[in-house]
Amino acid sequence: MDQMTDDNGQENKNGRSEAIIETRNLTKKFGEKLVLDNISLSIEKGKTTTVIGPSGCGKTVLIKHFIVLMRPSEGDVYFRGRRVDNLGERELEHVRMHFGYLFQEGALFDSMTVAENIMFPIQQHHKIANSLEIDEIVKAKLAMVGLDGFQNYYPARLSGGQRKRVALARAIALNPEVILYDEPTTGLDPIRSDIINELILKLERELGVTSVVVTHDMKSAYKVADRIIMLHNGKVIADGDADHIRNHPHPIVQQFIHGQVSDDDLAVLRMTRSAATSQFLPRDFE
Amino acid sequence: MFFIGVRSVPVVMITGAFVGMTLAVQAYDQLAGMGLEEHLGVLINISVVKELGPVLAAVMLAGRIGGALTAELGTMNVTEQIDAVRSMGTDPIRYLVAPRLLASLLLTPVLTIFADLMGVVGGALVSVLQLGINSRAYWNHSAAAVALWDVSIGIAKAFFFGGAIAVMSCYKGFTCKEGAHGVGQACTEAFVDSFISILALDFALAVIFKNIYEIFWPLKSLVN
């Protein structure tokens, strides 16, 4: 397996690796607001690509285009070389079966139990009548995220982190080829975050799953990514492996990966501090 | 949906009963002035089965079922649950809308029958017990005037109203804006739009059924 990873890595540098997802001149506007600006990139099969960038820079919008939950304003999206952004919903059902999508807030069906949530995609696509067999699959998927025994809980009774892990179990229920993770470690404690990182690596290593991980968490990004893409104002400003990003000369990249606030932001804070603190204090406290 | 249908029975029956009872009280004086109080049942029962039963039952259901559908689908929409259905390769229209539409199409006529029934009973109770109309005359005149056609029109209308409620409510749920305010607004719009479409459909269907009746009326007399 290591040999294969090395070979793939070599292929990547030579630009010969097989692209499973590709965008060409992808532009997305919401009204007048430009969220994605002419993005052309390809996601290599069997690799983990991490998309980083400040909040609101279009990371989630980008991966929603991969699975055509959003349609581009301009440009095309391809899956395995086939254009998918112009397909109808019925045709997209077959494309989407190859994907697992972990939503930012989990998006669990709150009228269903944990087990029913995980069963949902299995029952929709595999006509498995044997309930024992389905129970076994649910148990195995929950065990992978450390939540076996929670089958009969409703999502409302779970904590935010538990909900996210159940959502991950649901995303991998169909053993998809590609998993899109929207902030998988946000809201988890550091140990659970690392378990999710290990799970992403395990899925890649053992099943050859292609992963695209949207994250703010640089520790997670460095750990799981074969390639890191940084978005800023709807454009790709950095693209390469972890070392490439660490040593990237762009000041915004350095500022983001080190979590440093910019001088402009500090200036705004200094301006607002006096107004926010002094103006509304009761006179007795002055 | 079964529960929504069953739980709607009491409110729909109460609506029907009050409509029948109110009609009896309101129309009695006019008819009694002309000595036609024994024909009160004709007026009440025709009004209930053709118009007021289906329309008011549908309005009640627009508030009850329509509001619940929009709130449920709207919340699913803003919490990305509908996107989750799509992301797993399932058509949300087929999975979420189709069963709700079907239930609404089938249940609204059934609930209308309950409203009609209670409207007829309520009207009769007030007419006979409170207003002192001869029971035999009341029912004879009613039976002679209200034909199967009239009842069928009412139930056919209810079928269309049920469709309108489900389509409007599901559409508003699917296009709901973010946040609690968005869901609230979608529910309000769903009810108002359902209400207006019920009234508009009622008018359109009244015209259509009248024309159909006029086409078949001469044939009926030939058969008889």
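The values are calculated or read from the model by the stated rules, or taken from the named source; none is laboratory data. Because the structure is predicted, anything quoted here is derived from the model rather than measured. As a convention, Cβ positions derive from the backbone with ideal geometry for all residues, glycine included, and neighbour counts pool all protein chains shown.
Summary of computed values
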item	result
Those residues of the range B:101-138 which are of a type in the set (V, I, T), surrounded by 22 or more Cβ atoms within 10 Å (Cβ to Cβ) and closer than 30 Å to B:L73 by Cβ, in sequence order	B:T108, B:T112
Test set (1) touching a helix residue (DSSP H, G or I) at 6+ places or on another chain (Cβ under 9 Å); (2) farther than 18 Å from A:K64 by Cα - A:I191 fails condition number	(1)
Test: residue in the range A:181-188 that is at pLDDT below 85 and either of a type outside the set (V, I, T) or part of a helix (DSSP H, G or I) (or both)	yes
Those residues of the range A:86-121 which are out of contact with any Asp or Glu (no Cβ under 6 Å at 6 or more places or on another chain), assigned to a loop (DSSP other than H, G, I, E, B) and of a type outside the set (F, W, Y), in sequence order	A:N86, A:L87, A:G88, A:M97, A:E105, A:G106, A:L108, A:D110, A:S111, A:M112, A:T113
Verdict on A:S211 being crowded, with 21+ Cβ neighbours inside 10 Å, of a type outside the set (V, I, T) and closer than 19 Å to A:F99 by Cβ	yes
Residue pairs meeting the criteria (Cβ under 9 Å; at least 6 apart or on separate chains; first in contact (Cβ under 8 Å) with a residue 60 or more places away in the chain, in the range B:5-31; second among the aromatic types (F, W, Y) and part of a helix (DSSP H, G or I))	B:S8/B:F114; B:V9/B:F114; B:V12/B:F114; B:M13/B:F114; B:G16/B:F114
The range A:245-265: number of residues that are modelled with pLDDT under 80 and part of a helix (DSSP H, G or I)	3
Residues that are on the phi > 0 side of the Ramachandran plot and surrounded by fewer than 20 Cβ atoms within 10 Å (Cβ to Cβ), drawn from the range A:65-105	A:G75, A:R80, A:G81
Every residue from the range A:50-102 that is of a type in the set (K, R) and either facing chain B (nearest Cβ under 9 Å) or closer than 30 Å to A:Q254 by Cβ (or both)	A:K59, A:K64, A:R90, A:R96
Residues satisfying the stated conditions in the range A:1-24, i.e. over 21 Å from the mean Cα position of the chain (by Cα) and either at pLDDT 90 or above or among the aliphatic types (A, V, I, L, M) (or both)	A:M1, A:M4
